[in-house]
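Here is the structure we will look at, set down as structure tokens.
The values are calculated or read from the model by the stated rules, or taken from the named source; none is laboratory data. Predicted, not measured: the structure shown is a model, and the values here were computed from it. Cβ atoms come from the backbone with ideal geometry, glycine included; neighbour counts cover every protein chain shown.
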Amino acid sequence: MHLLPVNNGDERAGYPSASEYDRLLACRASYLLSQRAHALGQVAHERSPAADIGTRKHLASVEGPAILSDREREDWELCQAKREQFVKNWAGEEPFTSVKEQRLWLRRGIRPLLTGKPDEILRQGNRALVFDQKFGSYRVADPADNVQLSIYALLVSRDDDSIEEVTVQILSPYHDFEPFTYTRAELDHLYSSVQIVTGSLAGPGEPTPGAHCQFCPAGLICPAARKEAETAALAKVIQLPTGEGAALLLSQIKRAKNLFSEIEAFYRRLLERDPGAIPGWILEPGAVRHSIEDPIKTFEQLVELFSVQEFLSCCSVSVPELERSLARKKGVPTTQTKELFKRFLGNLLVEKRNSPSLKAI
């Protein structure tokens, strides 16, 4: 039985992608459920403003940084500086070719299995380098353990039979990563594994809830997610468990909260399109908040009323922004900036710790 992908209007044509392969390893059923969610118009995790910013930063590598704001451009330029240094060490003085945002397909014969679009692919002789830009502050898995990057490496190796090794590296304005290199033998073994996984997607069995549910497009219609949410509602819990039972319940509660948030987001979008769609419910306008995005011009407007000290006393200092500026001025990696920043400021840097929060390990 072959998969019959649904084209949801994107260039992936409904086939599994490298970015979701990690989830498919944990829950094969999420593939067909996601297709159904698109068909029903009930997709969880619609694009957010943060995702749109990330998309612009990626496009800047092709269209140029003029499409970015000053703040966005800083992140992009930091990644470009890391890229240039890494390429210099990887390529040496030998020439290489570079292709950005090229969609690749993994096939078995002529039948597509999955697809992916690395941010950039460099080729030099019988080896290749794949860059993946991550602009979020959350630290993703290192290249050696990053499933998405392993699929990118596989796609590159299958696109060019002469490639004997593929190095993968992540570019981030917030974190530094150690690259990882796959050999041809490792990628051939991965190809066999991918064929087994993609071959099972047409008859995947029941969905399996877990941490992989966090960004699953099928969250709103997934029966396993709904059942778990019912359990986490504590309707059947007579006494709160401890030990392993507590660990399971906390995980279920976290995923249930995410599901409820996605349900609210879905109905919020529905009311935006059709204000009368839900009897007794409206979208209440949010509170108006004022902020100053350009403190320099603001001070120029107020210079006759405020001294520098008076104006600065009304301002709050962003420690992360100062650390990033220091990294640029000193030309040091961001991972070294915190200690350097502490040495510069000494006792002026006050440390406070937030209240502890529950986190699974």
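Assorted remarks:
- Leading residue by the ranking (surrounded by the fewest Cβ atoms within 10 Å (Cβ to Cβ)) among those in region 220-257 that are farther than 19 Å from Ala360 by Cβ and modelled with pLDDT of 90 or more: Pro223
- Residue match in region 275-294 (condition: in a helix (DSSP H, G or I), surrounded by 11 or more Cβ atoms within 10 Å (Cβ to Cβ) and not polar (S, T, N, Q)): no
- Test: residue in region 106-126 that is under 26 Å from Ala51 (Cα atoms), touching a helix residue (DSSP H, G or I) at 6+ places or on another chain (Cβ under 7 Å), of a type in the set (S, T, N, Q) and surrounded by 15 or more Cβ atoms within 10 Å (Cβ to Cβ): no
- Lone unmet requirement of (1) assigned to a helix (DSSP H, G or I); (2) under 30 Å from Gly109 (Cα atoms); (3) aliphatic (A, V, I, L, M) for Ala202: (1)
- Annotation note: Cβ proximity below 8 Å between a residue of region 153-164 that is touching a residue at least 60 places away in the same chain (Cβ under 8 Å) and a residue that is outside any loop (DSSP other than H, G, I, E, B) and of a type in the set (S, T, N, Q) (sequence gap 6+ or interchain) occurs for Leu155/Thr115.
- Within region 302-347, the residues that satisfy the criterion of being over 32 Å from the mean Cα position of the chain (by Cα) and in a helix (DSSP H, G or I) are Leu302, Val308, Gln309, Glu310, Phe311, Leu312, Arg343, Phe344, Leu345, Gly346, Asn347.
- Residue satisfying condition, being surrounded by 10 or more Cβ atoms within 10 Å (Cβ to Cβ), within 30 Å of Leu154 (Cα to Cα) and of a type in the set (Phe, Trp, Tyr), within set Phe215, Phe266, Phe260: Phe215
- For the criterion of being part of a strand (DSSP E or B), more than 15 Å from Thr198 (Cβ to Cβ) and among the polar types (S, T, N, Q), Gln169 passes.
Listed here are the residues, each with its yes/no results for (1) polar (S, T, N, Q); (2) touching an Asp or Glu at 6+ places or on another chain (Cβ under 7 Å); (3) at pLDDT 95 or above.
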{"position": "Asp145", "(1), (2), (3)": "no, no, yes"}
{"position": "Gln148", "(1), (2), (3)": "yes, yes, yes"}
{"position": "Ile151", "(1), (2), (3)": "no, no, yes"}
{"position": "Val156", "(1), (2), (3)": "no, no, yes"}
{"position": "Glu178", "(1), (2), (3)": "no, yes, yes"}
{"position": "Glu186", "(1), (2), (3)": "no, no, yes"}
{"position": "Ser200", "(1), (2), (3)": "yes, no, no"}
{"position": "Pro207", "(1), (2), (3)": "no, no, no"}
